[in-house]
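Here the structure is laid out as structure tokens; the discussion comes afterwards.
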Amino acid sequence: MNDPQIEVRKLSELRHPERNARMHPDKQIAELKRSLEKDGQTRLMVIDENGVIWIGNGLYTAMVEMGLTEAWCIVKTGMSENDKKKMMLSDNRIFDLGVDDMKAFDAIIAELGDDLDVPGFDDELLQSLNADAEEIDEMMSSYGLITDEKKEELAGAEQTYRQEEAARAARPVSAPAQNAAPSDDPEPEGFVICPNCGEKIWL
């Protein structure tokens, strides 16, 4: 295996491997684009002498979709096909083994203040992490409140229930026939209206 070289390569000369062990959903590609727009290329792709990308396939997709034409690459030559595949698997797995230091993370978010445009993170999430006690209390106080639309729905169901209940109470109760033959499936005697959905529940 020869020493790797760092070169600028045209994206049109590069291609994905036949099988890529890592999938890149639309959300990730969108965040990679945000990162490229904000900071430029911060990670090198790793390719072989044939232009096959073994590390950085998501980055390649984002750059192509953005209309970029070139990328910095590490060119590794003289590797066996097995070594290339193991390098790809190893890079993905070792990256996954990292663990965030949440104490340091929280401190950095606090230091950023209102400047929370961080690719890879949702702005609202970071703002909630950086909220002071008063803002958190305000957010918690609104949790579980019933909307005006839901109030109207419940009031309508209650009104329907009361109307049906009044009609049921005013309905005369007929005495059972003396000589009526017993029935295996007697008719329901009445119903109530569910106060939540307004449906009839037969008794």
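The values are calculated or read from the model by the stated rules, or taken from the named source; none is laboratory data. Just so we're clear, the structure is a prediction, and the values are computed from it rather than from any experiment. Note that each Cβ is placed from the backbone with ideal geometry, even for glycine, and that neighbours are counted across all protein chains shown.
Checking Val46 against (1) under 21 Å from Gly120 (Cα atoms); (2) touching a residue at least 24 places away in the same chain (Cβ under 8 Å), only one condition comes out false. Which one?
With respect to (1) under 21 Å from Gly120 (Cα atoms); (2) touching a residue at least 24 places away in the same chain (Cβ under 8 Å), Val46 is out only on (1).
Where in the range 109-178 are there helices (runs of 4 or more DSSP H), lying wholly inside it, with at least 2 residues that are modelled with pLDDT of 70 or more and over 30 Å from Lys27 (Cα atoms)? Even if it seems obvious, please write down each step before you answer.
Working: elements: 123-129, 133-141, 148-170.
Result: 148-170.
Cβ-Cβ below 7 Å, separation at least six or inter-chain, first residue in the range 85-110 and free of Cβ contacts under 8 Å to residues at least 60 places away in the same chain, second surrounded by 10 or more Cβ atoms within 10 Å (Cβ to Cβ) and part of a helix (DSSP H, G or I): which pairs?
Asp106/Leu129; Ile109/Leu126; Ile109/Leu129
Looking for something more than 25 Å from Lys85 (Cβ to Cβ) and either in contact with a strand residue (DSSP E or B) (Cβ under 6 Å, 6 or more places away or on another chain) or at pLDDT 95 or above (or both) - is there at least one such residue anywhere in the range 17-25?
no
Checking the structure you have, find out if any residue of the range 91-112 is in contact with a helix residue (DSSP H, G or I) (Cβ under 9 Å, 6 or more places away or on another chain), within 30 Å of Ile47 (Cα to Cα) and not assigned by TED's automatic domain parsing to the domain that holds Val52.
Taking every residue of the range 91-112 in turn, none turns out to be in contact with a helix residue (DSSP H, G or I) (Cβ under 9 Å, 6 or more places away or on another chain), within 30 Å of Ile47 (Cα to Cα) and not assigned by TED's automatic domain parsing to the domain that holds Val52.
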